[in-house]
Each structure stands twice: as C-alpha cells, then as structure tokens.
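Step one of this worksheet: look at the structure below.
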Amino acid sequence: RYKYLSYNQIHDFLESVQKKTSQANVYIDVIGKSFEGRDTPYVKITGKSHPRPKGTIFIDGGIHSREWISPAMAIEVIHRLALNTEQDPQVDQLLDMFDFIVVPLVNPDGYAYTFRPGENGGSTRMWRKSRSSNYSSHYSCYGVDLNRNFGYEWNDNPSYGGSSDPCSPSFSGPFSFSEPESQNLRRLLLSNKDDIKGYLSFHSYGQYMLYPWGYRQDVEIEDEHDLFHVAKVFRDVMLKNNYDYHVGGSAKSLYPAAGGSSDYVKGVIGVKYSYTLELPPVEGSTPYGFIIPEREVETIVTDTWKGIKALLFRLHYHT
Ligand code: 0X9
Ligand code: ZN
C-alpha cells in the first residue's frame, strides 16, 4: 500500500479489505459513477463493540487528480482502521468513539487520466480536474475543478478563486453540483448529515490545515477558536516529526476559493469541524510538489496518521 495504486489497484485493495473483515465492521459500497462511468467506492468502518449511536468522521481523497499523496493517505486510513495490522490500541479507542466513512477517490476519471502516458504532446500527470466533456470539445478544456463545484456560496468569479472558462484548471462548472463526482459526494454527505462530527478532505501540497471559510477573505467564522485548537493538536504532533504545518482559515491562509467541499460541509451539512488538509511537501522547500517519489510515501502517510489520530482524540473530547 506504500505504492501509488492505480484506479484498478484501489478496487483490488478494497476487495482484499472486505475479504479480511466482516461485513458488520467494514462495509464497502459505491456512491455512484463518474462522468466516464467509473464506480466511486466508499468504505464505512465501525467498531466491534459499542452499538450505541456514535458520531461519524467523514474523510475523502482524490478530489484533485494530480495530488497522488491524497488517495494514498486515504488508503492508509482505511488500512489502519479496518485491518489494524499493527494492533494499535488507539485504533480500538477511536472506533469506540466514532464510525468512519472514507471515500478514497472522489475523482476517478481524473486520477486514471494522470496514470496515462502523455498524449497530445503534453503530459497528463498534472491534470487537476474531472474529465467531463460537456462544456468544450477541445481536449485541454475537459473537466471541472471539483473543489470549485460544491454548492455553498458557489461563484465562478476569478476573484472568488473559480473560473467560468472551461479551459481553466479551476473551472467551477456552469453551476454548483453540475458534476456527477460532486453530486456523488453530496449524496453520501446528505445521507449521513446528522451523524457527521468531523470532515477531513485530503489535498496537496503545502502543509496547511485549513478551515472555513474559503469563499471569501473578509468573513469570519464564529467558532474559529474551536476549529483552530483542534487543528493545532495536529500541528503540534506533526512538528515533533519535523513537518511544519500552517493552521488557519482557507481564504486567509491560502487564497479565496468558492465552491470547495469543506465550505459546503460546514455551511450546508452543518459539520462544525470541517477541514482541508494540504499534505506535504511544504511550499517552496523541495524540488517537487505534486510528484512525491514513491519511496517517500510510507514515511509521509505513517507520520501523518499520528497527527490525524491526535486530532480525532481532541475532536472527540470537544464534541
Ligand atoms: O485550491 C484548492 O482547491 C485547494 N488547494 S489545492 O492546491 N489542493 O488545489 C485549497 C482549498 C482550500 N479551500 C478553499 N480555499 N476554499
Ligand atoms: Zn487539491
């Protein structure tokens, strides 16, 4: 699992997880199909004991196709929680506190595209969007930036970080939730609306732990203090392992970007603790950004898991 898995290999991995576990603790299903017809699987993991109602932690990866460390991190979370091959007692504690829903690959078409050898004279590895072909017939104008397509304060104005140009890498789509991939995530979020206590969306890169709002710089959230302090636990653990993370509001710390999933999860689904996690590397310090050598994946995901566990313990204490 410390390799970059292709779309098909992710399916095989999930199948092997299901074979090794019981349907009662680990439930795998699909939330829908992508534009090109690929299944989008999700995993629900519950503990063995404590049938009492628990809150749910919702985690996704692979909204942006070139950010390969993101599905890799989601797969690590599934492995740790569902199989717990390291027999980590903290995992049992976490499963007593929460159920987990993990969607490891929100944008399977874009991801599969980044695995294709370059064509049209260019490389496909840096593709960010989905692969819908509804809005322009030119090959470079395919797709929608799914992290601009969610329906909370959706806006395709460039000063809100989205674009109305189908050829732009941050094309917001013609309207919010125009895409099957964002609709798929919305459906799963809505059907678990009342249970979700925390949301983590994996992206890369830059080492930021971001909370809403992302759509504008000049709006504050009333519970910023709480979101900051839960995220700070992650930052502190990561710093001990030599990863320097910045914690802050999305628009202020990074840039305004309307239509992001974490704004929607907070604004519409009503989840207080809604975060976008920009995984390593840190901005500027390395020769690569989205292209992390495979030999470094294990260290990054195992270190990051420690930070995520600490954040979840803190989140439970707060909720
Ligand atoms: O631009 C994005 O969608 C995210 N960064 S990335 O480099 N992974 O593309 C940041 C999203 C943060 N959320 C908002 N600013 N709304
Ligand atoms: Zn991203």
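The values are calculated or read from the model by the stated rules, or taken from the named source; none is laboratory data. Note that the coordinates shown come from a computational prediction; the quantities given were computed from them, not determined experimentally. Note that we place each Cβ from the backbone using ideal geometry, even for glycine, and neighbour counts take in every protein chain shown.
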Within the stretch 73-82, is there a residue that is within 15 Å of ligand 2 (Cβ to nearest atom), buried (at least 24 other Cβ atoms within 10 Å of the Cβ) and among the aliphatic types (A, V, I, L, M)?
-> yes
From Ile63, Ile59, residue being in a loop (DSSP other than H, G, I, E, B) and within 16 Å of ligand 2 (Cβ to nearest atom) = Ile63
Restrict the check to the stretch 189-212 and report whether at least one residue is among the acidic types (Asp, Glu), touching a residue at least 60 places away in the same chain (Cβ under 8 Å) and within 16 Å of ligand 2 (Cβ to nearest atom).
-> no
Just one of Glu278, Glu283 is within 16 Å of ligand 2 (Cβ to nearest atom), touching a His at 6+ places or on another chain (Cβ under 7 Å) and acidic (Asp, Glu); which is it?
-> Glu278
On the given criteria, is Glu220 acidic (Asp, Glu) and closer than 30 Å to Gly37 by Cβ?
-> no
Report yes if some residue within the stretch 119-136 is small (Gly, Ala, Ser), under 22 Å from Lys306 (Cα atoms) and within 16 Å of ligand 1 (Cβ to nearest atom); otherwise report no.
-> no
Mind checking which residues of the stretch 233-259 are touching a strand residue (DSSP E or B) at 6+ places or on another chain (Cβ under 7 Å), modelled with pLDDT of 95 or more and either near ligand 1 (Cβ under 8 Å from one of its atoms) or more than 22 Å from His64 (Cα to Cα) (or both)?
-> Phe234, Arg235, Tyr243, Asp244, Ser250
Of these, Glu67, Glu153, which one is in contact (Cβ under 8 Å) with a residue 12 or more places away in the chain, surrounded by fewer than 24 Cβ atoms within 10 Å (Cβ to Cβ) and within 15 Å of ligand 1 (Cβ to nearest atom)?
-> Glu153
Out of the residues in the stretch 157-183 that are within 13 Å of Tyr215 (Cα to Cα) and assigned to a loop (DSSP other than H, G, I, E, B), which is farthest from the chain's Cα centre (by Cα)?
-> Asn157
Enumerated helices (runs of 4 or more DSSP H) restricted to the stretch 217-319, each holding at least 3 residues that are surrounded by fewer than 20 Cβ atoms within 10 Å (Cβ to Cβ) and among the charged types (D, E, K, R) = 224-240, 297-318
Given Gly47, Gly37, which one is crowded, with 17+ Cβ neighbours inside 10 Å, free of Cβ contacts under 8 Å to residues at least 60 places away in the same chain and not in a helix (DSSP H, G or I)?
-> Gly47
Looking at (1) in contact (Cβ under 8 Å) with a residue 24 or more places away in the chain; (2) under 29 Å from Arg295 (Cα atoms); (3) not basic (Lys, Arg), find the lone condition where Leu95 falls short.
-> (2)
Among residues belonging to the stretch 122-152 that are more than 17 Å from Phe290 (Cβ to Cβ) and part of a helix (DSSP H, G or I), point out the one that is nearest to ligand 2 (Cβ to nearest atom).
-> Arg148
Of Leu239, Leu200, Leu227, the only residue that is of a type in the set (A, V, I, L, M) and within 18 Å of Gly61 (Cβ to Cβ) is Leu200
Filtering the stretch 193-217 down to residues that are away from ligand 1 (no atom under 16 Å from the Cβ) and in contact with a Lys or Arg (Cβ under 9 Å, 6 or more places away or on another chain), which residue is nearest to Leu239 (Cα to Cα)?
-> Gly198
